[in-house]
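> Take this structure first; my questions come after.
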Amino acid sequence: MPLSDRVLMGPGPCNLYPEVVAAMVRPMLGHLDPEFLGVLDETCERLRTVFRTTNRLTLPLSGTGSAGMEAAFVNLVAPGDPVVVGVNGVFGQRMVEVAQRCGAEVTKVEVPWGEPIDPAALLGAHPAPKIIAVVHAETSTGVRNDIEALGQGKGDALLVVDAVTSLGGMPFEADAWGVDLAYSATQKCLGVPPGLAPITVNERARAAMVPRPRSWYLDLSLIGDYVDSSGGRTYHHTAPVPMVFALHAGLGALLDEGLEQSWARHQHCGQILHEGLDKLGFHLFARDGHRLAQLTTAWVSERHLPSGVDEAQMREILLSRYGIEIGGGLGPVVGKVWRIGCMGHTARVRNVTLLLGALAEVRA
């Protein structure tokens, strides 16, 4: 099957919006070309709309979602700073690792994989943390963690949120929820290739940034001086021009559809997938009431597979025979859980129907 016909339903890159494909073959411009800088300014404004924020420091970082995570902590954490991190999957644990490397005194609030984190446990974990950090939509488990209650109860702490798998695919309200810094990635619900990390930082977080971050490349003050056109630009680095074109186009497609309509489309596809997997005898991994629509996790065992085929071989059959890519489990659920993405342009009923039909046919 041609690579162009593959349906990417894994936890990583999704299929691209057609507008994005067209944008990536635009003639190359220099990273300081006035036309490119105009596109960059529009991209930042579109990101403000999608993050639901008025934060002036809102921009696409040159790097993947993990660069957004690194930028959050290297700019906010000084050695000895108390940081509370919620952990219910791989990416919460990665937050712990990055914060510790910055010298933070980390208090970890951990719950079993598949379970959401109780906001009260995070709020009560330390009497005076500088930062409370949590993943909104945990990609490794398919679980949604509640953010709004953290914003309401954070006190003097800064609320840092990983929105990698949530931005564009489910409600996210940076300003209304009291989020001080949030970062995301382009390759999931935004329908753009991997390579940029959208980030938004409010004035409260900017005032708390360390004066000399350990990373020059991820220094948000320096990057902000390059991206922010209001006071004149200061050169920082060579921006990945085609990727900014791609993000500009992907955000345009998302906003043309309507942000709320995109959330509803993702929710509808996820609901059909959840119901279809249930009819095929699969049990969902994430706790009911906190399951993501855009990233579904399902237990898989021998009874779900043809005789003599293990779960990795089954995923290979789906890929080679039907052109459908789904993901396997991570960490303690390797070989036990599938992770199925309905994100961005991939979140279409026809793709869900194709997957469910393929699973039924292979098992027949």
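The values are calculated or read from the model by the stated rules, or taken from the named source; none is laboratory data. Values in this document were obtained by computation on a predicted structure and should not be read as measured data. Virtual Cβ from ideal backbone geometry, glycine too; neighbours counted across all protein chains shown.
> List pairs: first residue in segment 197-214 and under 13 Å from VAL74 (Cα atoms), second residue of a type in the set (Ser, Thr, Tyr) and surrounded by fewer than 19 Cβ atoms within 10 Å (Cβ to Cβ) anywhere in the structure, Cβ distance under 7 angstrom, at least six positions apart or on different chains.
Within 7 Å, the pairs are MET209/SER221.
> Which pairs turn up if I take residues in segment 148-167 that are assigned by TED's automatic domain parsing to the domain that holds GLY65 and look for partners that are assigned to a loop (DSSP other than H, G, I, E, B) and among the polar types (S, T, N, Q) with beta carbon separation below 6 Å, at least 6 apart in sequence or on another chain?
Sorted first by the residue in segment 148-167, then by its partner, the pairs are ALA163/SER184; VAL164/SER184; THR165/THR139; LEU167/SER184.
> Among the candidates ARG339, ARG291, ARG315, ARG321, single out the residue that is of a type outside the set (Ser, Thr, Tyr) and surrounded by fewer than 16 Cβ atoms within 10 Å (Cβ to Cβ). Spell out the reasoning first.
Values: ARG339 fails: surrounded by fewer than 16 Cβ atoms within 10 Å (Cβ to Cβ); ARG291 fails: surrounded by fewer than 16 Cβ atoms within 10 Å (Cβ to Cβ); ARG315 fails: surrounded by fewer than 16 Cβ atoms within 10 Å (Cβ to Cβ).
Just a single option satisfies the conditions, and that option is ARG321.
> Same structure, new question: Can you go through THR53, THR43, THR49 and tell me which one is assigned to a loop (DSSP other than H, G, I, E, B), closer than 16 Å to LEU255 by Cα and in contact (Cβ under 8 Å) with a residue 40 or more places away in the chain?
Details: THR43 fails: assigned to a loop (DSSP other than H, G, I, E, B); THR49 fails: assigned to a loop (DSSP other than H, G, I, E, B).
Only one candidate passes the filter, namely THR53.
> Related question: Kindly provide the set of residues from segment 332-364 that are small (Gly, Ala, Ser) and in contact with a strand residue (DSSP E or B) (Cβ under 8 Å, 6 or more places away or on another chain), ordered by number. First the steps, then the outcome.
Within segment 332-364, the subset small (Gly, Ala, Ser) is 335, 341, 344, 347, 357-358, 360, 364.
Passing the criteria: GLY335, GLY341, ALA358.
> Between ALA312, ALA293, which is outside any loop (DSSP other than H, G, I, E, B) and not assigned by TED's automatic domain parsing to the domain that holds THR139? First the steps, then the outcome.
Details: ALA293 fails: outside any loop (DSSP other than H, G, I, E, B).
It is ALA312.
> Shifting gears a bit: Looking at ARG206, is it of a type outside the set (Phe, Trp, Tyr), surrounded by fewer than 17 Cβ atoms within 10 Å (Cβ to Cβ), closer than 19 Å to LEU47 by Cβ and in contact with a helix residue (DSSP H, G or I) (Cβ under 9 Å, 6 or more places away or on another chain)?
Numbers: of a type outside the set (Phe, Trp, Tyr): yes; surrounded by fewer than 17 Cβ atoms within 10 Å (Cβ to Cβ): no; closer than 19 Å to LEU47 by Cβ: yes; in contact with a helix residue (DSSP H, G or I) (Cβ under 9 Å, 6 or more places away or on another chain): yes.
Answer is no for this residue.
> Go through (1) crowded, with 19+ Cβ neighbours inside 10 Å; (2) under 18 Å from the mean Cα position of the chain (by Cα) for PHE282 and report which single condition fails.
Condition (2) is where PHE282 drops out.
> Look through segment 91-101, keep the residues that are of a type in the set (A, V, I, L, M) and either part of a loop (DSSP other than H, G, I, E, B) or touching a helix residue (DSSP H, G or I) at 6+ places or on another chain (Cβ under 8 Å) (or both), and return whichever of them is nearest to VAL143 (Cα to Cα).
At the first step, the residues of segment 91-101 found to be of a type in the set (A, V, I, L, M) are 95-96, 98-99.
Now drop any that are not either part of a loop (DSSP other than H, G, I, E, B) or touching a helix residue (DSSP H, G or I) at 6+ places or on another chain (Cβ under 8 Å) (or both), which leaves 95, 98-99.
On the way: MET95: 16, VAL98: 21, ALA99: 22 Å.
Restricting to residues being of a type in the set (A, V, I, L, M) and either part of a loop (DSSP other than H, G, I, E, B) or touching a helix residue (DSSP H, G or I) at 6+ places or on another chain (Cβ under 8 Å) (or both), the top hit is MET95.
> Further question: Against the condition under 30 Å from CYS44 (Cβ atoms), touching a Phe, Trp or Tyr at 6+ places or on another chain (Cβ under 7 Å) and not assigned by TED's automatic domain parsing to the domain that holds THR43, how does HIS345 come out, does it pass? Quick ask: steps written out before the conclusion?
Values: under 30 Å from CYS44 (Cβ atoms): yes; touching a Phe, Trp or Tyr at 6+ places or on another chain (Cβ under 7 Å): yes; not assigned by TED's automatic domain parsing to the domain that holds THR43: yes.
Yes, satisfied.
> Considering only segment 2-40, state which residues are more than 17 Å from GLN187 (Cβ to Cβ) and under 22 Å from the mean Cα position of the chain (by Cα).
The answer is LEU40, and nothing else.
> Still on this structure, I have one more. Output the residues belonging to segment 4-30 that are among the acidic types (Asp, Glu) and at pLDDT 95 or above.
Narrowing segment 4-30 to residues among the acidic types (Asp, Glu): 5, 19.
GLU19, the sole residue that qualifies.
> Of all residues in segment 222-252, which are over 30 Å from PRO13 (Cβ atoms) and crowded, with 16+ Cβ neighbours inside 10 Å? Walk me through how you get there before you give the answer.
Initial filter on segment 222-252 (over 30 Å from PRO13 (Cβ atoms)): 225, 229-235.
Result: no residue meets the conditions.
> Let me ask something else. Could we say that VAL333 is surrounded by fewer than 21 Cβ atoms within 10 Å (Cβ to Cβ) and out of contact with any Lys or Arg (no Cβ under 7 Å at 6 or more places or on another chain) here? Write out each step before concluding.
Values: surrounded by fewer than 21 Cβ atoms within 10 Å (Cβ to Cβ): yes; out of contact with any Lys or Arg (no Cβ under 7 Å at 6 or more places or on another chain): yes.
Spelling it out, VAL333 is indeed surrounded by fewer than 21 Cβ atoms within 10 Å (Cβ to Cβ) and out of contact with any Lys or Arg (no Cβ under 7 Å at 6 or more places or on another chain).
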